């Protein structure tokens with residue numbers, strides 16, 4: 001009996017740790033409708049990275065820039081909503097209560113022909129800053145995201161501003 005208890009406990013704990021690990025990774029965009037509603041309520045942009053399995057820079061960008069931003073807790077759901085669209089996945093994106101769209105068609109809507117392409121949109125899906133397209137220095141990427149977010153905030157009438165350097169990120173971000 002104790003062996004079964006230990007095995008069940010180990011299984012439960014391993015499930016929790018994998019869920020916790022996924023909580024610190026950029027999420028796949030499966031439900032645009034839900035994310036856009038939350039973004040609308042908070043008046044913050046949605047950042048979407050279009051990626052593909054063969055894209056090594058996408059994996060590096062996710063590992064070295066985006067996932068650490070999520071782990072810090074100062075970005076996803078606060079400064080923006082961060083999602084990725086893996087063009088190799090077949091699951092459609094829920095676009096509204098009654099419609100879905102394929103990930104490839106979603107990418108076509110935003111002219112994301114190269115991976116990675118990172119876009120910044122408002123809750124209605126309208127671009128609010130220039131996209132980041134293709135590869136560039138990973139060391140500079142978080143600063144470029146901050147720059148684009150500040151442009152997005154201004155275009156959305158949101159007084160929030162991020163510091164130039166991600167190292168200076170602290171709450172609150174709103175200007176007085």
(Q) Criterion first (touching a residue at least 24 places away in the same chain (Cβ under 8 Å), surrounded by 12 or more Cβ atoms within 10 Å (Cβ to Cβ) and either closer than 17 Å to residue 66 by Cα or more than 15 Å from the chain's Cα centre (by Cα) (or both)) does residue 163 satisfy it? (A) no
Q. Inside the stretch 35-153, counting only helices (runs of 4 or more DSSP H) that do not spill past its ends, which hold 3 or more residues that are under 22 Å from residue 24 (Cα atoms) and either without any contact (Cβ under 8 Å) to a residue 40 or more places away in the chain or touching a helix residue (DSSP H, G or I) at 6+ places or on another chain (Cβ under 8 Å) (or both)?
A. 56-61
Q: From the list 114, 118, pick out the single residue that is under 24 Å from residue 58 (Cα atoms), surrounded by 17 or more Cβ atoms within 10 Å (Cβ to Cβ) and touching a strand residue (DSSP E or B) at 6+ places or on another chain (Cβ under 9 Å).
A: 118
Q) Can you pull out the residues in the stretch 124-160 that are at positive phi and either at pLDDT below 95 or surrounded by 19 or more Cβ atoms within 10 Å (Cβ to Cβ) (or both)? A) 134
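Name the one entry in 64, 97 that is over 27 Å from residue 160 (Cβ atoms), at pLDDT below 95 and surrounded by fewer than 21 Cβ atoms within 10 Å (Cβ to Cβ).
97
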Q: Working only within the stretch 80-93, note down all residues that are under 19 Å from residue 36 (Cβ atoms) and at pLDDT below 95.
A: 91
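Are any of the residues in the stretch 18-26 modelled with pLDDT of 95 or more, closer than 29 Å to residue 156 by Cβ and surrounded by fewer than 15 Cβ atoms within 10 Å (Cβ to Cβ)?
There is no residue in the stretch 18-26 that is modelled with pLDDT of 95 or more, closer than 29 Å to residue 156 by Cβ and surrounded by fewer than 15 Cβ atoms within 10 Å (Cβ to Cβ).
The values are calculated or read from the model by the stated rules, or taken from the named source; none is laboratory data. As the structure is a prediction and not an experimental result, all values here were calculated from the model. No Cβ is skipped: glycine too gets one built from the backbone with ideal geometry, and neighbour counts run over all protein chains shown.
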